[in-house]
Amino acid sequence: PLAQRKLPPAGDAVLDASEVTKRFSGLVANNAVNLTVRAGEVHALIGPNGAGKSTFFNMISGVDDPTSGTVKLMGQAMAGKPSRAFAALGLGRTFQHVRLLGQRTVLENVALGAHLRGQRGWLSAMLRTDRKEEAALLAEARRQIERCGLLPYIDQPAASLPLGQQRIVEIARALTGQPTLLLLDEPAAGLRHLEKQSLAKLLAQLRSEGLAILIVEHDMEFVMNLADRVTVLEFGTVIASDVPAAVQADPRVMAAYLGGDLPGVHA
């Protein structure tokens, strides 16, 4: 069997970003951002286009380093560590632009997410040099595929699926790594209404199991109905961080969204 990761108690801080700043020459993409994500919660990071959300995601997942400030994952300072070190501690993520092996099947794509849980690594499993471990990886992948409602497509090439379903494949792949913290970059983009409902149900189930989830999303109705807390960025600076109802009523937030109501959200 694959090694199992024990999730922290609900309410424990899984990710703690403190005064995180990122400068590109004269441009400040993130300005002293503070954000904490706790086990058993969905935390949404929202803001207009160009607010610095993707830059922040990259810094808290090891893709890029902050200019200043600290990022702690499971209580460990992560300065200068590569993304694989974040993954080893239990961070899983999806991307704004889908990153799948298009000609490989859904099963093969999802199984790649479990390679850190094996002893021999993904390459030996894919080359079938260790059939027991290969079977364990594929069984875990199948379990997550079924969990995400993708079983009818398990043997299809990933590229043959609509964009919305490809996004769900990415989530299933991240789940095979048995993450403690799941970062989702616009997971509802391209999904139809029923697909969004299924996604929200899945994320609510993961939250109830103790997973910490940080989500960047432009669909405000989806976010406000799902998130426990919402942090709002504008020009790289946090202008609000609270429960959804309080964020919706914040004048600074409404002003940031074209001076009116949040798009897709109605009183």
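The values are calculated or read from the model by the stated rules, or taken from the named source; none is laboratory data. It should be emphasised that the depicted structure is a prediction, and the values quoted were computed from it without experimental measurement. Please note: Cβ atoms are built from the backbone with ideal geometry, for glycine as well, and neighbour counts cover all protein chains shown. Remember, those area values only see protein heavy atoms, side chains included, never the ligands or the DNA or RNA. Shrake-Rupley method; radii C 1.70, N 1.55, O 1.52, S 1.80 Å.
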Looking at VAL223, is it touching a strand residue (DSSP E or B) at 6+ places or on another chain (Cβ under 6 Å) and either part of a helix (DSSP H, G or I) or within 30 Å of GLN76 (Cα to Cα) (or both)? yes
Which ones in region 33-60 are within 9 Å of GLU234 (Cα to Cα), in contact with a helix residue (DSSP H, G or I) (Cβ under 9 Å, 6 or more places away or on another chain) and surrounded by fewer than 21 Cβ atoms within 10 Å (Cβ to Cβ)? PRO48
Here is a check on your reading of the model: is GLU170 out of contact with any helix residue (DSSP H, G or I) (no Cβ under 6 Å at 6 or more places or on another chain), in contact (Cβ under 8 Å) with a residue 60 or more places away in the chain and surrounded by 15 or more Cβ atoms within 10 Å (Cβ to Cβ)? yes
Scanning region 161-207 residue by residue, the ones that are closer than 18 Å to VAL14 by Cα and among the β-branched types (Val, Ile, Thr) total 1
Between a first residue in region 99-114 that is more than 8 Å from ALA158 (Cβ to Cβ) and a second residue that is in a helix (DSSP H, G or I) and open to solvent by 40 Å² or more (accessible area, probe 1.4 Å), which pairs have beta carbons less than 6 Å apart while being 6 or more apart in sequence or on different chains? VAL110/ARG173; ALA111/LEU138; LEU112/TRP122; GLY113/ARG173
Could you tell me which numbered condition TYR153 fails, if it satisfies all but one of (1) out of contact with any strand residue (DSSP E or B) (no Cβ under 8 Å at 6 or more places or on another chain); (2) within 22 Å of ALA39 (Cβ to Cβ); (3) among the hydroxyl-bearing types (Ser, Thr, Tyr); (4) surrounded by 15 or more Cβ atoms within 10 Å (Cβ to Cβ)? (2)
Is it the case that some residue within region 69-80 is modelled with pLDDT of 90 or more and within 12 Å of ASN30 (Cα to Cα)? yes
Pick from region 69-114 the residues that are out of contact with any helix residue (DSSP H, G or I) (no Cβ under 9 Å at 6 or more places or on another chain) and among the aliphatic types (A, V, I, L, M): which of them is most open to solvent (accessible area, probe 1.4 Å)? ALA79
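What number of residues in region 177-200 are part of a helix (DSSP H, G or I) and either touching a residue at least 60 places away in the same chain (Cβ under 8 Å) or open to solvent by less than 20 Å² (accessible area, probe 1.4 Å) (or both)?
Qualifying residue count, region 177-200: 1.
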What residue, among those in region 48-75 that are β-branched (Val, Ile, Thr), over 16 Å from GLU186 (Cα atoms) and not in a loop (DSSP other than H, G, I, E, B), is nearest to the chain's Cα centre (by Cα)? VAL71
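Inspect region 201-213 for any residue being on the phi > 0 side of the Ramachandran plot, open to solvent by 20 Å² or more (accessible area, probe 1.4 Å) and not in a helix (DSSP H, G or I) and give the result as yes or no.
No, region 201-213 has no match at all.
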Would you mention how many residues in region 1-47 are closer than 25 Å to PHE222 by Cβ and not in a strand (DSSP E or B)? 7
Top-ranked residue of region 1-21 - restricted to ones that are within 30 Å of LEU137 (Cβ to Cβ) and either hydroxyl-bearing (Ser, Thr, Tyr) or under 16 Å from the mean Cα position of the chain (by Cα) (or both), ranked as surrounded by the most Cβ atoms within 10 Å (Cβ to Cβ): VAL14
